[in-house]
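Colleague: I have a structure here, written as structure tokens, and I will follow up with some questions on it.
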Amino acid sequence: MSGIELPSGDEIQKAVFELFDRVKKSCPENLLSALVPIDTSFEPGYKLIDYLRDYEMQEVCNFLNDFKLILEKIDNNKQEMRIKIMIYCHIMEADLPFIILWNLLRVLNGQQCEAEFRMINKKGEKVICEYPDQKIAEIEKLSRQLKLAIGEFIRKFWRGDIRNAFSHSQYFLSDNFFTITRDLLLIPRKSLNKRAVYSYQDIDKLYSCAVSFLSTFIDVYKRYISPYKDGNAY
């Protein structure tokens, strides 16, 4: 079984920076609106900046740092993979990076920034995107329209099947593989036409992509929002 095709850490870093940089150069007056989502629906007539996503993001970072310390002390292959899958899923579920990237893309596309990640469903209705796959699909669509790489790269290292299998205990680890059991147990066998097994090398690459994405996002976000932290009103 051949390995999965994934972007390199350098490619991920370049794609994230490219998006932030293009907004700063093309639409500097709208950059802050993309970086700080403002809720206009929570209290009618008022604009609200809540810090819930920031608190979530801080917890993700604390979680990641705690378990990275544990990883440094582990020499058992299966234990290492369990922790890396858990970290991978936790990063890819985080809301803040996705809504910031989505709003940056919306600015470039001439659209208003939103505090809630929404999409238009098949009925033409606006609905909230609850799941990573929905959010990534919207980011990918806008990225393609704007000829930016970020959406394609995130799609490449997002594996909803791994997330679902791990979250619902529908997998097992062998000496060298992560095997998804859900589709193997269904009749007819759905997995015959799609991947059901990932090598430990695949898992390690996905983990590295997710960590690179998160760390790059945090570094670039801090760099671009720091000029607004000068004590002045904007």
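The values are calculated or read from the model by the stated rules, or taken from the named source; none is laboratory data. Remember, it's a predicted structure, so these values are computed and weren't measured experimentally. Glycine gets a Cβ as well: all are built from the backbone with ideal geometry, and neighbour counts include every protein chain shown.
Colleague: What about Ser174, is it among the polar types (S, T, N, Q), more than 30 Å from Asp21 (Cβ to Cβ) and out of contact with any Cys (no Cβ under 7 Å at 6 or more places or on another chain)? I'd like the intermediate steps shown before the answer.
Modeller: Working: among the polar types (S, T, N, Q): yes; more than 30 Å from Asp21 (Cβ to Cβ): yes; out of contact with any Cys (no Cβ under 7 Å at 6 or more places or on another chain): yes.
In short, yes.
Colleague: If you don't mind, there's one more thing I want to ask. Can you name every residue in region 1-55 that is among the β-branched types (Val, Ile, Thr), at pLDDT 90 or above and assigned to a loop (DSSP other than H, G, I, E, B)?
Modeller: Restricting attention to region 1-55, the residues satisfying the condition of being among the β-branched types (Val, Ile, Thr) are 4, 12, 16, 23, 36, 38, 40, 49.
If we keep only those that are at pLDDT 90 or above as well, we get 12, 16, 23, 36.
Passing the criteria: only Val36.
Colleague: Inside region 120-141, can you point out the residues that are at pLDDT 85 or above and among the aliphatic types (A, V, I, L, M)? Steps first, answer last, please.
Modeller: Narrowing region 120-141 to residues at pLDDT 85 or above: 127-141.
Of everything in region 120-141, those that are at pLDDT 85 or above and among the aliphatic types (A, V, I, L, M) turn out to be Val127, Ile128, Ile136, Ala137, Ile139.
Colleague: Also, quick follow-up: Of all the residues that make up region 55-107, how many are in contact with a Ser or Thr (Cβ under 8 Å, 6 or more places away or on another chain) and either within 22 Å of Arg159 (Cβ to Cβ) or β-branched (Val, Ile, Thr) (or both)?
Modeller: Filtering region 55-107 for residues in contact with a Ser or Thr (Cβ under 8 Å, 6 or more places away or on another chain) gives 89, 103, 105, 107.
Going one step further and asking which of them are either within 22 Å of Arg159 (Cβ to Cβ) or β-branched (Val, Ile, Thr) (or both), we end up with 89, 107.
Within region 55-107, residues that are in contact with a Ser or Thr (Cβ under 8 Å, 6 or more places away or on another chain) and either within 22 Å of Arg159 (Cβ to Cβ) or β-branched (Val, Ile, Thr) (or both) number 2.
Colleague: Moving to a separate point now. With the requirement that a residue be among the charged types (D, E, K, R) and either buried (at least 16 other Cβ atoms within 10 Å of the Cβ) or in contact with a strand residue (DSSP E or B) (Cβ under 9 Å, 6 or more places away or on another chain) (or both), what does region 158-176 give you?
Modeller: Arg159, Asp161, Arg163 - these are the residues of region 158-176 that are among the charged types (D, E, K, R) and either buried (at least 16 other Cβ atoms within 10 Å of the Cβ) or in contact with a strand residue (DSSP E or B) (Cβ under 9 Å, 6 or more places away or on another chain) (or both).
Colleague: Among the listed residues Phe177, Phe172, Phe153, which satisfies the condition of being under 20 Å from Ile87 (Cβ atoms) and within 13 Å of the chain's Cα centre (by Cα)?
Modeller: Numbers: Phe177 fails: within 13 Å of the chain's Cα centre (by Cα); Phe172 fails: within 13 Å of the chain's Cα centre (by Cα).
Within the list Phe177, Phe172, Phe153, the selection yields Phe153.
Colleague: Within region 44-93, restricting attention to residues that are among the basic types (Lys, Arg) and within 18 Å of the chain's Cα centre (by Cα), which residue is surrounded by the fewest Cβ atoms within 10 Å (Cβ to Cβ)? So that I can check it myself, show each step before the final result.
Modeller: Filtering region 44-93 down to residues among the basic types (Lys, Arg) leaves 47, 53, 68, 73, 78, 82, 84.
Remaining after also requiring within 18 Å of the chain's Cα centre (by Cα): 53, 84.
Values: Arg53: 16, Lys84: 22.
Result: Arg53.
Colleague: Let me ask another. Scan region 14-34 residue by residue and report those that are crowded, with 18+ Cβ neighbours inside 10 Å and within 17 Å of Ile139 (Cβ to Cβ).
Modeller: Correct list: Ala15, Val16, Leu19, Phe20, Val23, Ala34.
Colleague: So, one more: Which of the residues spanning region 124-162 are in a loop (DSSP other than H, G, I, E, B) and either under 23 Å from Glu11 (Cα atoms) or polar (S, T, N, Q) (or both)? Spell out how you get there, then give the answer.
Modeller: Going residue by residue through region 124-162, those that are in a loop (DSSP other than H, G, I, E, B) are 124-125, 129-131, 146-149, 158-159.
Selection gives Leu146, Lys147, Leu148, Ala149, Trp158, Arg159.
Colleague: I would also like to ask the following. Is it the case that some residue within region 116-128 is out of contact with any Asp or Glu (no Cβ under 7 Å at 6 or more places or on another chain), surrounded by 12 or more Cβ atoms within 10 Å (Cβ to Cβ) and within 30 Å of Gln201 (Cα to Cα)?
Modeller: no
Colleague: Residue check, Arg144 against (1) in contact with an Asp or Glu (Cβ under 7 Å, 6 or more places away or on another chain); (2) surrounded by fewer than 17 Cβ atoms within 10 Å (Cβ to Cβ); (3) at pLDDT 95 or above, all met but one. Which one?
Modeller: (1)
Colleague: Would you check if Lys73 is of a type outside the set (Phe, Trp, Tyr) and not in a helix (DSSP H, G or I)? I'd like the intermediate steps shown before the answer.
Modeller: On the way: of a type outside the set (Phe, Trp, Tyr): yes; not in a helix (DSSP H, G or I): yes.
Here the answer is yes, as Lys73 does meet what is asked.
Colleague: Still on this model: Residues in region 179-186: is at least one in contact with a strand residue (DSSP E or B) (Cβ under 8 Å, 6 or more places away or on another chain) and among the hydroxyl-bearing types (Ser, Thr, Tyr)?
Modeller: Yes, that holds for at least one residue.
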